[in-house]
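K.L.:
Could you have a look at this structure, given as C-alpha coordinates, before my questions?
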Amino acid sequence: MEKREIINRDDIKQLVDSFYDKVNADELISFIFRDVAKVDWAHHLPIMYDFWESLLLDSGSYGRNAMEPHFKLNKLVPLQPAYFDRWLQLFEATVTELFTGEKANLALTRARSIKGIMAFKMNQINHPDTDKSIPLVNPGNDQ
Ligand code: HEM
(Lines give C-alpha, C1' and ligand atoms only; values in the text may rest on other atoms or scores of the structure.)
Protein backbone atom coordinates (compact mmCIF):
# COMPACT_ATOMS: atom_id res chain seq x y z
CA MET A 1 0.00 0.00 0.00
CA GLU A 2 1.28 3.45 -0.89
CA LYS A 3 2.17 5.73 2.01
CA ARG A 4 0.07 8.86 2.39
CA GLU A 5 0.24 12.17 4.18
CA ILE A 6 -1.76 12.69 7.37
CA ILE A 7 -4.34 15.23 6.24
CA ASN A 8 -7.65 14.72 8.05
CA ARG A 9 -9.46 12.94 10.87
CA ASP A 10 -9.92 9.80 8.78
CA ASP A 11 -6.14 9.52 8.53
CA ILE A 12 -5.88 9.98 12.30
CA LYS A 13 -8.48 7.23 12.80
CA GLN A 14 -6.51 4.89 10.59
CA LEU A 15 -3.34 5.66 12.52
CA VAL A 16 -4.94 5.13 15.94
CA ASP A 17 -6.92 2.00 14.95
CA SER A 18 -3.86 0.37 13.37
CA PHE A 19 -1.74 1.25 16.38
CA TYR A 20 -4.17 -0.40 18.79
CA ASP A 21 -4.39 -3.46 16.53
CA LYS A 22 -0.66 -3.83 17.14
CA VAL A 23 -0.98 -3.08 20.86
CA ASN A 24 -3.71 -5.68 21.28
CA ALA A 25 -1.62 -8.33 19.53
CA ASP A 26 1.53 -7.54 21.51
CA GLU A 27 2.77 -10.17 23.93
CA LEU A 28 4.42 -7.67 26.31
CA ILE A 29 1.88 -4.85 26.74
CA SER A 30 -1.55 -6.10 25.56
CA PHE A 31 -2.37 -7.43 29.04
CA ILE A 32 -2.26 -3.90 30.46
CA PHE A 33 -5.06 -2.73 28.18
CA ARG A 34 -7.06 -5.99 28.24
CA ASP A 35 -6.68 -7.35 31.79
CA VAL A 36 -5.59 -4.40 33.94
CA ALA A 37 -7.32 -1.32 32.50
CA LYS A 38 -10.06 -3.39 30.81
CA VAL A 39 -10.31 -0.67 28.20
CA ASP A 40 -13.74 0.18 26.82
CA TRP A 41 -12.61 0.73 23.23
CA ALA A 42 -15.81 2.42 22.06
CA HIS A 43 -15.12 5.06 24.71
CA HIS A 44 -11.32 5.22 24.45
CA LEU A 45 -10.81 5.38 20.68
CA PRO A 46 -12.66 8.67 20.02
CA ILE A 47 -10.61 10.25 22.84
CA MET A 48 -7.45 9.09 21.11
CA TYR A 49 -8.66 10.44 17.76
CA ASP A 50 -9.19 13.81 19.48
CA PHE A 51 -5.76 13.64 21.12
CA TRP A 52 -3.83 12.95 17.93
CA GLU A 53 -5.98 15.26 15.82
CA SER A 54 -5.20 18.07 18.27
CA LEU A 55 -1.47 17.33 18.26
CA LEU A 56 -1.11 16.91 14.50
CA LEU A 57 -3.88 18.97 12.90
CA ASP A 58 -4.48 21.63 15.60
CA SER A 59 -8.15 20.68 15.88
CA GLY A 60 -8.38 21.69 19.54
CA SER A 61 -10.69 18.73 20.08
CA TYR A 62 -8.72 17.27 23.03
CA GLY A 63 -9.03 19.14 26.31
CA ARG A 64 -8.31 16.45 28.86
CA ASN A 65 -5.32 15.45 30.99
CA ALA A 66 -3.36 12.79 29.13
CA MET A 67 -1.09 11.97 32.08
CA GLU A 68 -3.79 11.26 34.65
CA PRO A 69 -5.00 7.76 33.63
CA HIS A 70 -1.40 6.62 33.46
CA PHE A 71 -0.77 7.58 37.09
CA LYS A 72 -3.82 5.53 38.06
CA LEU A 73 -2.72 2.66 35.86
CA ASN A 74 0.78 2.80 37.33
CA LYS A 75 -0.69 2.00 40.75
CA LEU A 76 -2.23 -1.19 39.37
CA VAL A 77 0.80 -2.26 37.36
CA PRO A 78 4.11 -0.39 37.58
CA LEU A 79 4.69 1.00 34.10
CA GLN A 80 8.25 -0.06 33.39
CA PRO A 81 10.60 1.54 30.85
CA ALA A 82 10.35 -1.65 28.75
CA TYR A 83 6.59 -1.15 28.40
CA PHE A 84 7.10 2.41 27.21
CA ASP A 85 9.80 1.31 24.80
CA ARG A 86 7.45 -1.27 23.30
CA TRP A 87 4.59 1.26 23.15
CA LEU A 88 6.83 3.63 21.16
CA GLN A 89 8.18 0.85 18.94
CA LEU A 90 4.61 -0.09 17.96
CA PHE A 91 3.63 3.52 17.41
CA GLU A 92 6.66 4.22 15.23
CA ALA A 93 6.05 1.06 13.21
CA THR A 94 2.43 2.09 12.63
CA VAL A 95 3.30 5.61 11.51
CA THR A 96 6.13 4.60 9.19
CA GLU A 97 4.20 1.71 7.62
CA LEU A 98 1.21 3.88 6.72
CA PHE A 99 2.30 7.49 6.40
CA THR A 100 4.93 9.86 5.14
CA GLY A 101 5.50 13.61 5.22
CA GLU A 102 5.62 16.45 7.69
CA LYS A 103 2.70 15.36 9.90
CA ALA A 104 3.99 11.81 10.06
CA ASN A 105 7.33 13.16 11.27
CA LEU A 106 5.52 15.37 13.76
CA ALA A 107 3.64 12.32 15.08
CA LEU A 108 6.97 10.55 15.67
CA THR A 109 8.51 13.57 17.39
CA ARG A 110 5.51 14.16 19.64
CA ALA A 111 5.17 10.50 20.56
CA ARG A 112 8.86 10.21 21.46
CA SER A 113 8.75 13.35 23.55
CA ILE A 114 5.59 12.50 25.51
CA LYS A 115 6.73 8.91 25.96
CA GLY A 116 10.04 10.18 27.39
CA ILE A 117 8.31 12.47 29.87
CA MET A 118 5.71 9.86 30.86
CA ALA A 119 8.31 7.13 31.34
CA PHE A 120 10.44 9.51 33.41
CA LYS A 121 7.53 10.49 35.66
CA MET A 122 6.51 6.88 36.26
CA ASN A 123 10.11 5.92 36.97
CA GLN A 124 10.38 8.72 39.53
CA ILE A 125 7.33 7.32 41.32
CA ASN A 126 8.35 3.67 41.03
CA HIS A 127 12.04 4.23 41.86
CA PRO A 128 12.21 7.50 43.80
CA ASP A 129 15.78 7.02 45.00
CA THR A 130 17.43 6.14 41.74
CA ASP A 131 18.21 8.23 38.68
CA LYS A 132 17.18 11.83 39.29
CA SER A 133 18.58 13.34 36.10
CA ILE A 134 16.15 14.59 33.51
CA PRO A 135 16.43 12.63 30.26
CA LEU A 136 15.81 15.69 28.09
CA VAL A 137 18.35 18.10 26.76
CA ASN A 138 18.47 20.71 29.48
CA PRO A 139 21.78 22.49 29.97
CA GLY A 140 20.62 24.11 33.20
CA ASN A 141 20.13 20.76 34.84
CA ASP A 142 23.32 19.00 35.82
CA GLN A 143 22.26 17.69 39.23
C1 HEM B 1 3.43 1.75 28.53
C2 HEM B 1 2.84 2.72 27.84
C3 HEM B 1 1.38 3.04 27.90
C4 HEM B 1 0.32 2.30 28.35
C5 HEM B 1 0.34 0.88 28.91
C6 HEM B 1 -0.87 3.11 28.19
C7 HEM B 1 -2.15 2.71 28.54
C8 HEM B 1 -3.25 3.52 28.56
C9 HEM B 1 -4.54 3.17 29.10
C10 HEM B 1 -4.89 1.82 29.70
C11 HEM B 1 -5.34 4.25 28.99
C12 HEM B 1 -6.77 4.42 29.52
C13 HEM B 1 -7.77 3.94 28.56
C14 HEM B 1 -9.15 4.08 29.16
O15 HEM B 1 -9.62 5.22 29.34
O16 HEM B 1 -9.73 3.06 29.49
C17 HEM B 1 -4.58 5.28 28.31
C18 HEM B 1 -5.07 6.51 27.96
C19 HEM B 1 -4.38 7.42 27.21
N20 HEM B 1 -3.07 7.30 26.76
FE21 HEM B 1 -1.80 5.82 27.21
N22 HEM B 1 -0.53 4.31 27.64
C23 HEM B 1 0.83 4.31 27.43
C24 HEM B 1 1.57 5.34 26.89
C25 HEM B 1 1.06 6.47 26.33
C26 HEM B 1 1.81 7.50 25.64
C27 HEM B 1 3.34 7.49 25.47
C28 HEM B 1 0.91 8.43 25.21
C29 HEM B 1 1.14 9.72 24.44
C30 HEM B 1 2.07 9.84 23.51
C31 HEM B 1 -0.39 8.00 25.66
C32 HEM B 1 -1.56 8.70 25.44
C33 HEM B 1 -2.77 8.42 26.04
C34 HEM B 1 -3.91 9.31 26.02
C35 HEM B 1 -4.01 10.66 25.32
C36 HEM B 1 -4.92 8.68 26.75
C37 HEM B 1 -6.33 9.24 27.02
C38 HEM B 1 -6.30 10.07 28.27
C39 HEM B 1 -7.68 10.65 28.56
O40 HEM B 1 -8.50 9.96 29.16
O41 HEM B 1 -7.92 11.78 28.13
N42 HEM B 1 -0.28 6.82 26.32
N43 HEM B 1 -3.32 4.82 28.08
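Yes/no matrix, rows are residues, columns are (1) in a helix (DSSP H, G or I); (2) closer than 16 Å to E5 by Cα:
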position: D21; (1), (2): yes, no
position: A66; (1), (2): no, no
position: L106; (1), (2): yes, yes
position: R110; (1), (2): yes, no
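K.L.:
Based on what the data block shows, is E68 of a type outside the set (G, A, S) and more than 9 Å from the ligand (Cβ to nearest atom)?
P.N.:
No: the conditions fail for E68.
Okay, residues lined up against (1) without any contact (Cβ under 8 Å) to a residue 60 or more places away in the chain; (2) among the charged types (D, E, K, R):
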site: D10; (1), (2): yes, yes
site: S18; (1), (2): no, no
site: A25; (1), (2): yes, no
site: L28; (1), (2): yes, no
site: Y49; (1), (2): yes, no
site: Y62; (1), (2): yes, no
site: L98; (1), (2): no, no
site: K103; (1), (2): no, yes
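K.L.:
Among the residues of segment 99-114, is there at least one that is within 15 Å of the ligand (Cβ to nearest atom) and modelled with pLDDT under 95?
P.N.:
There is no residue in segment 99-114 that is within 15 Å of the ligand (Cβ to nearest atom) and modelled with pLDDT under 95.
K.L.:
Can you tell me which condition L79 does not meet? The list is (1) part of a helix (DSSP H, G or I); (2) hydrophobic (A, V, I, L, M, F, W, C); (3) free of Cβ contacts under 8 Å to residues at least 60 places away in the same chain; (4) surrounded by 14 or more Cβ atoms within 10 Å (Cβ to Cβ), and all the others hold.
P.N.:
Going through (1) part of a helix (DSSP H, G or I); (2) hydrophobic (A, V, I, L, M, F, W, C); (3) free of Cβ contacts under 8 Å to residues at least 60 places away in the same chain; (4) surrounded by 14 or more Cβ atoms within 10 Å (Cβ to Cβ) one by one, L79 breaks only (1).
K.L.:
Looking at D21 and the list (1) of a type in the set (D, E); (2) within 30 Å of G101 (Cα to Cα); (3) within 8 Å of the ligand (Cβ to nearest atom), which single condition is not satisfied?
P.N.:
Among (1) of a type in the set (D, E); (2) within 30 Å of G101 (Cα to Cα); (3) within 8 Å of the ligand (Cβ to nearest atom), the lone unmet condition for D21 is (3).
K.L.:
Here's something else I'd like to know. Take the residues of segment 48-65 that are within 10 Å of the ligand (Cβ to nearest atom) and loosely packed, with under 15 Cβ neighbours inside 10 Å: which is nearest to T130 (Cα to Cα)?
P.N.:
N65
The values are calculated or read from the model by the stated rules, or taken from the named source; none is laboratory data. Here the structure is a predicted model, which is why all the values come from computation and not from measurement. Heads up, the Cβs are rebuilt from the backbone with ideal geometry, glycines too, and the neighbour counts pull from every protein chain shown.
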